[in-house]
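The next block holds one structure in the form of structure tokens; read it before the comments.
The values are calculated or read from the model by the stated rules, or taken from the named source; none is laboratory data. All values derive from a computational prediction rather than experimental measurement. When we count neighbours, we look across all protein chains shown, and the Cβ atoms used for this are built from the backbone with ideal geometry, even at glycine. Surface areas here come from the heavy atoms of the whole protein model, side chains and all, with no ligands, DNA or RNA. Shrake-Rupley method; radii C 1.70, N 1.55, O 1.52, S 1.80 Å.
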Amino acid sequence: MSRTTLAILYSLFAILLFDGMGLIIKHLSGSYGAAELSAYRNLVGLIPALLVLWTSRDWHAKGRSLHMRQWKLALLRGLILTFAQYFFYLSLGILTFATASTISYSNAVFVTALAVPLLGEKVGLVRWAAVLVGFAGVVMIVGPGRDSFSLAALLPLGAALCYALTAVTARMMDDGPPTALINLYSTGVATLGALVLTLATGGFTPMQDGTDLLWIVAMGGLGGFAVLVLVTAYRMTEQSNLAPFGYFGIPLAFVLGWLFYGEAPWSELFPGALLLAGGGLLIIWRERQMNAAGREVTTPK
């Protein structure tokens, strides 16, 4: 098995782990608030974040320093991640699992749109068309004007925008700091942010029983382990090789929502989900084309 194939399998496994975390969040949402669930997830998630940093050869080679020149930008990313998690976790407790998960996949569309003002990138006609197609899919899923429309459908859209901002700001970081160190900054700030949000929204709910504690540990463990698996996948191959497979999360979320919660939101998701995935895949295809063309130009003959 090639490294790329193995990396793809790892990335698919990470999607399954993240969905497992989401299912637990939805299960616990009836008893605990989104902010405190985020705080619990990040507290447990600090353990794999530290493990990723400690096993990073790049970090050891650079003297194991925790200092970053762009520390303010790194802290800002953690703050944005705080709200991304809060919006998404809140949506899981209100919307069907597949609907919340699918809308959150619009982050790829937001990344392309935000790259223009924040990174100064030139986005051509094909990618703008893909953005419009993906956004049309999002509008169809959110359903403004539909009888079943709820403002809660804007929550995963806000989460997708925030997740896109964390992705774009990551590309604004220097090449010097190891990815694992940037991830630790983000996780650490998101942990503090979630704790502050929890206190601001009523504080922590007393743990009802030992079973809930096990669910919370499992939630944080799945999320943290998913990050480890995903980082491993990204180290094994280029991100462009993995990006198209991320959209397998849409049908997977539908199946898991149906299996565990009896949800089958066909009318909410289709055909909007197809347009969203199609727009995202078109963006990925165009970026891979441009990267390949760039390599051909710069490669000595």
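Values for this structure:
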quantity	calculated
Normalised convex hull volume, segment 57-128, alpha-carbon set, Å³ per residue	175
Trypsin sites (Lys or Arg not before Pro) within segment 95-177, DSSP loop, no more than 16 other Cβ atoms inside 10 Å	LYS122, ARG146, ARG171
Probe 1.4 Å - accessible area at LEU282, Å² to nearest ten	60
Principal axis dimensions, largest first and in whole angstrom, of segment 35-184 by Cα	58, 41, 22
Calculated log₁₀ intensity ratio I(q)/I(0) where the Debye formula runs over C-alpha points of the chain, q = 0.09 Å⁻¹	-0.45
For the chain, calculated [θ]222 nm from helices alone, where every DSSP H run of n ≥ 4 adds -39500 (n - 2.57)	-25000 deg cm²/dmol
Stokes-Einstein diffusion coefficient of segment 162-301, Kirkwood radius over Cα pairs, 25 °C, 0.890 mPa s, in µm²/s	128
Accessible area in the full protein assembly, largest first, 1.4 Å probe, for ILE94, ILE80	ILE94, ILE80
Choice from GLY30, GLY188, GLY63 showing the highest fluctuation, given a GNM over the chain with Cα pairs closer than 10 Å	GLY63
³J(HN,Hα), Karplus 6.51/-1.76/1.60, whole Hz, each residue of segment 34-39, x for Gly, Pro	4, 5, 6, 5, 5, 4
Exposed GluC sites (Glu not before Pro) absent: longest stretch of the chain, with sites in DSSP loops and at most 16 other Cβ within 10 Å deemed exposed	1-120
Amide H contacts of GLU121 (H built 1.01 Å from N, under 5 Å, at least 5 apart or other chain)	VAL116
Interchain or long-range residues, amide H under 5 Å from THR205's placed H	GLY33
Calculated Rg and Dmax of segment 166-227 using C-alpha coordinates, Å	15.5, 46
Part-to-part distance (alpha-carbon centres) for segment 154-210 and segment 31-49, which is given in Å	10
Whole-Å semi-axes of segment 83-170's equivalent ellipsoid (Cα gyration tensor)	24, 16, 8
